[in-house]
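The values are calculated or read from the model by the stated rules, or taken from the named source; none is laboratory data. Bear in mind that the values here come from a model prediction, so they are computed numbers and not experimental data. For neighbour counting, all protein chains shown are included, and Cβ atoms are generated from backbone atoms with ideal geometry for every residue, glycine included.
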Amino acid sequence: MIFNAGMINRALLLAGCCITLMSTAQVDDNVSEKTVILYNNLKAIQNSNYFLFGQEFFNSFKYSTGSAHGDKTYSDAHEVTGAYPFVLGSDFHYYLDKSATERGYHTEAVKWAYRQGFVITFDWHISARNTTSYTCSGSPANLAKNIANGNVNGDRDWYLSELDKVIAIINNDLVVDGENIPIVFRPLHEMNGNWFWWGASCSGFSPADYKALYQLTVDYIKERTTSVLFCWSPNSPVNSTVMANYYPGDTYVDVLGLDMYEITADPFRLYMGTIVDYAQAHNKVAVLSETGYRNDTGNGDAATKYWNDTVLPALINDPSGKALKIAWVLTWINTSWSHPYVPHTGSTTAAKQSFINFKNSKHVVFSDKMANLYEPLLILSTTGNLKTEDVKIQVIYDQRLITVEYSQFLSPALVTIYDASGKKIAEEKTPKNEAIFSLDKLMIKPGLYIVTVTDGVKTLTQKVSVL
């Protein structure tokens, strides 16, 4: 696979080739190094011209069954396209309210996805006290209000005990090789709707109560974990009033999301633009945290064509450019009791091809186009009047060569290869329009490398993956 700056490009000016990393995440300044790296990478991605594609439980549910499965390498999306979604969504509800066997399936699915370098995000359809329901209609009266305003009827004690269960999963179950898996946690989502017990208009629950509940949740979790980024995600429609009423504050949010199903271009761009503007102004990451098409009562063609026919044009053809300034797009679970949010082996040829076309767009990233996001994506840039197309990098495996071809540079040009740590491993100054490096002579191992071309006036830096 060739990995170049057309895939990763951030509009920052560099002096030569360098690495710029923030020291901490936004909310918790004690998170692990890999959590910080993930956050920095998500920031770089949201400022690119592409986004990651994700799905809830993509490797522990499949459309042909109504139950979770234990084959963590199986994915409907992979069966159709040959690649995996790069974001795995999970839900603590399925850990706490389902069987131990199912919990194990989801845990192993997360561990496998992390080992591939994928992003892991969790929501939580938390069941209300003394119920198995997370809806407003099925919850005790004033539950959220009672938690937010003290310990009325012992409701806060109950809620904190539920948080303790989630914290135990994060700290004890979501561990690989002795390290906690970084997650983007999306608690208390869709708060501006009226369907969840923590939502608007549920038992007199006010926006101030919601903010207090969200802040309590973040404060409690961050004091007891080192691997959590926090995502706040209202449902559409979103406007300045929703942001003013429900946004819990910059010290409680790393990622801003939008949940919106059955999108059409104009309202989606308006609402996504609100989220992106807010994220940019507050130095956050923006995502489309849930979407999909739920109105397909036929064979699933409409639901699976939704991606290439609706979502992709809404994102990439936005005249303002805002809709594309997101790190990922995530859809919901493929199961027989839900919807075919992505095509599966039983889908029609037309549906499969439509999804493959979506996956193959240069703006869409599945597992075949992205590196491990727990390693730094070096910030790439162009200086002067150059475009990324002015440098073409090929890795020729049958001849074990890296060929760097370039144009629009003064002669001679200096071509340099750095490893992921920034260490120079090869350099050539040449009057030609190409430089050729031997993988074997340089003893280049599989991994990520940076190639820089400069003529002293203009500089262009690209990233290449050597397999």
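Structure values in brief
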| item | result |
| --- | --- |
| Subset of the range 114-141 [among the charged types (D, E, K, R), surrounded by 15 or more Cβ atoms within 10 Å (Cβ to Cβ) and either within 30 Å of ALA371 (Cα to Cα) or not assigned by TED's automatic domain parsing to the domain that holds ILE45 (or both)] | ASP123 |
| Looking only at the range 412-443, and only at residues there that are at pLDDT below 90, touching an Asp or Glu at 6+ places or on another chain (Cβ under 8 Å) and not in a strand (DSSP E or B), the one that is surrounded by the most Cβ atoms within 10 Å (Cβ to Cβ) | ALA420 |
| Selection count where residues are at pLDDT below 95 and more than 20 Å from TYR214 (Cα to Cα), scope the range 244-292 | 2 |
| Within the range 267-286, tally of residues that are on the phi < 0 side of the Ramachandran plot and in contact (Cβ under 8 Å) with a residue 60 or more places away in the chain | 4 |
| ARG115 being in contact (Cβ under 8 Å) with a residue 12 or more places away in the chain and under 15 Å from LYS72 (Cβ atoms) | yes |
| Qualifying residues in the range 296-322 (those that are within 18 Å of LYS359 (Cα to Cα) and assigned to a loop (DSSP other than H, G, I, E, B)) - the one modelled with the lowest pLDDT | GLY300 |
| Tally, over the range 142-164, of residues that are loosely packed, with under 14 Cβ neighbours inside 10 Å and outside any loop (DSSP other than H, G, I, E, B) | 5 |
| Residue in the range 240-260 that is under 21 Å from PHE118 (Cα atoms) and small (Gly, Ala, Ser) present | yes |
| The range 44-98: number of residues that are among the acidic types (Asp, Glu) and surrounded by fewer than 24 Cβ atoms within 10 Å (Cβ to Cβ) | 4 |
| Residue satisfying all of: in the range 211-245; among the aliphatic types (A, V, I, L, M) and touching a residue at least 60 places away in the same chain (Cβ under 8 Å); nearest to GLY257 (Cα to Cα) among these | LEU229 |
| Of residues in the range 170-200 being among the small types (Gly, Ala, Ser) and free of Cβ contacts under 8 Å to residues at least 60 places away in the same chain, the one surrounded by the fewest Cβ atoms within 10 Å (Cβ to Cβ) | GLY178 |
| Residue match in the range 260-282 (condition: under 29 Å from ALA168 (Cα atoms) and among the β-branched types (Val, Ile, Thr)) | no |
| Yes/no for LYS111 being surrounded by 15 or more Cβ atoms within 10 Å (Cβ to Cβ), closer than 28 Å to LYS359 by Cα, of a type in the set (D, E, K, R) and in contact with a helix residue (DSSP H, G or I) (Cβ under 8 Å, 6 or more places away or on another chain) | no |
| Among (1) on the phi < 0 side of the Ramachandran plot; (2) surrounded by fewer than 20 Cβ atoms within 10 Å (Cβ to Cβ), the one test that ILE326 misses | (2) |
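Quick grid of which residues meet (1) over 27 Å from VAL36 (Cα atoms); (2) surrounded by 14 or more Cβ atoms within 10 Å (Cβ to Cβ); (3) in contact with a Pro (Cβ under 9 Å, 6 or more places away or on another chain):
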site: SER233; (1), (2), (3): no, yes, no
site: MET243; (1), (2), (3): no, yes, yes
site: TYR247; (1), (2), (3): no, yes, yes
site: VAL255; (1), (2), (3): no, yes, no
site: ILE263; (1), (2), (3): yes, yes, no
site: LEU270; (1), (2), (3): yes, yes, yes
site: ALA279; (1), (2), (3): no, yes, no
